[in-house]
Amino acid sequence: MSKRNYWLMKSEPYAFSIDDLEKVGTEPWDGIRNYEARNSMRDDMEIGDGILFYHSNVRPPLIVGTMEVASEAYPDPTQFDPDSKYFDEKSSEKDPTWQLVDVKFVQKFDNPVTRDAIKEEASLQDMVLLKRFRLSITPVTEQEWKKIHEMAGAEML
């Protein structure tokens, strides 16, 4: 097995929250329509990679827990569904544009880590989240992964 990678994935809690993931256990991370984020899922994510679950578009935005990659990348079925808000008429089943991975719930933090707390932490100043805040999936270093867990008072599972 190769070295474990780490990621941060954003979701608006009213669309899909950590509580929703905890209830279902495993879920396809669908609806990603950004090429860089798609490429991360398609080319770089491996089963077992750790993921920080970030609730975006809330005040304050915060990391609420962890999940892990639970599948290899595969075509996002919502791109083919004309009734889906993620439908892409240019994509075809023979040549799908959009990929996704399944994610599995690992833990919910008792003490979520706010974006402001991340900004104030000197060792997290280079975190991609702070530099490219509009991107829905960003890489996280092992040191950042450990520091976020420390700040949350959470065990690394």
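Read-outs: derived from the displayed coordinates by stated rules, not from any lab. Please read all numbers here as calculations on a predicted model, not as lab measurements. Cβ atoms come from the backbone with ideal geometry, glycine included; neighbour counts cover every protein chain shown.
What the table below lists for this structure:
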| quantity | calculated |
| --- | --- |
| Sequence of 101, 64, 106 once ranked by neighbouring C-beta atoms within 10 Å, starting from the fewest | 106, 64, 101 |
| Stretchable slack from residue 71 to residue 19, in nm (0.36 nm times residue separation minus alpha-carbon distance) | 16.7 nm |
| Cα Rg over Rh - the chain, Kirkwood | 0.96 |
| Selection of trypsin sites (Lys or Arg not before Pro), the stretch 87-157, meeting DSSP coil and at most 13 other Cβ within 10 Å | 90, 94, 132, 134 |
| For the stretch 6-152: relative contact order, % (alpha-carbon pairs under 8 angstrom, 6 or more apart) | 31 |
| Local electrostatic count, residue 60, Cβ distance below 13 Å [Lys/Arg +1, Asp/Glu -1] | +1 |
| Within a Gaussian network of the chain (alpha carbon springs, distance under 10 Å), most fluctuating of 107, 143, 79 | 143 |
| Cα centroid of the stretch 28-61 to Cα centroid of the stretch 91-132, whole Å | 6 |
| Sequence of 157, 52 once ranked by neighbouring C-beta atoms within 10 Å, starting from the fewest | 157, 52 |
| Cβ-defined net charge surrounding residue 24, 12 Å radius [Lys, Arg +1; Asp, Glu -1] | -3 |
| With Cα atoms, 0 to 90° folded angle of helix 142-152 axis to the chain main axis | 60 |
| Ranked list, fewest to most other Cβ atoms within 10 Å of each Cβ, for 14, 86, 54 | 14, 86, 54 |
| Choice from 114, 138, 97 showing the highest fluctuation, given a GNM over the chain with Cα pairs closer than 10 Å | 97 |
| Cross-link pairs 10/85; 23/146; 10/146; 23/94; 10/131; 85/131 - those with Cα-Cα distance over 24 Å | 23/146; 23/94; 85/131 |
